[in-house]
């Protein structure tokens, strides 16, 4: 019994050490390849409910300023200058959605109006208090991606 307990404690310690070392990917270290960010930015699954809140929040994502989402139609005004997000999960994989949210300009085209929500590539004349900061945190990106992954036709 003593050996089994020792083995369980050792396994738990190793597992805990692995969790403690799972680090957030810094914005400058995110790699968009083939229009995708293949790995989670946090190693923690996104929360779709929190993602919906972030997506609709005017101080955070403010996605509804440009995009429509039928499921959030009671939240606020929905814009129509960008594609509807209804069916986003049918059009893009989670890896592609992550790339789009991280930095649509790098994932798609420099001509998109969509900002990079987890990018430091924000152009010139940035307010001094915002230099080196992202619009969303890495976990908020994962939450938004988790929400978008629920939007199927």
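Surrounded by fewer than 14 Cβ atoms within 10 Å (Cβ to Cβ), modelled with pLDDT under 90 and part of a helix (DSSP H, G or I): does that describe residue 28?
Values: surrounded by fewer than 14 Cβ atoms within 10 Å (Cβ to Cβ): yes; modelled with pLDDT under 90: no; part of a helix (DSSP H, G or I): yes.
So residue 28 does not fit the description; no.
Which of the residues that make up the stretch 79-93 are in contact with a helix residue (DSSP H, G or I) (Cβ under 6 Å, 6 or more places away or on another chain) and within 20 Å of residue 46 (Cβ to Cβ)?
86, 88
Just name the residue that is farthest from residue 38 (Cα to Cα) out of those in the stretch 126-143 that are out of contact with any helix residue (DSSP H, G or I) (no Cβ under 6 Å at 6 or more places or on another chain) and part of a loop (DSSP other than H, G, I, E, B).
Quick first cut of the stretch 126-143, residues out of contact with any helix residue (DSSP H, G or I) (no Cβ under 6 Å at 6 or more places or on another chain) only: 126-133, 135-139, 142.
Subsequent filtering for residues that are part of a loop (DSSP other than H, G, I, E, B) retains 126-127, 131-133, 135-137.
Working: 126: 29, 127: 31, 131: 27, 132: 24, 133: 23, 135: 21, 136: 18, 137: 17 Å.
Among those residues, the one meeting the criterion is 127.
Pick out the one residue from 51, 61 that is part of a helix (DSSP H, G or I), farther than 17 Å from residue 30 by Cα and in contact with a helix residue (DSSP H, G or I) (Cβ under 7 Å, 6 or more places away or on another chain).
Values: 61 fails: part of a helix (DSSP H, G or I).
Every option except 51 fails the conditions.
Would you be able to tell me the number of residues in the stretch 95-120 that are part of a loop (DSSP other than H, G, I, E, B), in contact (Cβ under 8 Å) with a residue 24 or more places away in the chain and surrounded by fewer than 20 Cβ atoms within 10 Å (Cβ to Cβ)? Outline the logic, then answer.
Taking the stretch 95-120 first, the residues part of a loop (DSSP other than H, G, I, E, B) are 108-120.
Next cut, in contact (Cβ under 8 Å) with a residue 24 or more places away in the chain only: 108, 113-114, 117-120.
This time we only want the ones that are surrounded by fewer than 20 Cβ atoms within 10 Å (Cβ to Cβ), so: 108, 113-114, 120.
Qualifying residue count for the region: 4.
Among the candidates 79, 123, single out the residue that is at positive phi, part of a loop (DSSP other than H, G, I, E, B) and surrounded by fewer than 17 Cβ atoms within 10 Å (Cβ to Cβ). Quick ask: steps written out before the conclusion?
Numbers: 79 fails: at positive phi.
Within the list 79, 123, the selection yields 123.
From 51, 61, which residue is at pLDDT below 85 and within 12 Å of the chain's Cα centre (by Cα)?
Numbers: 51 fails: at pLDDT below 85.
Criteria check complete, one pass: 61.
The values are calculated or read from the model by the stated rules, or taken from the named source; none is laboratory data. Nothing here was measured: the structure is a model prediction, and the numbers come from that model. Neighbour counts are summed over all protein chains in view; Cβ atoms, including those assigned to glycine, are modelled from backbone coordinates with ideal geometry.
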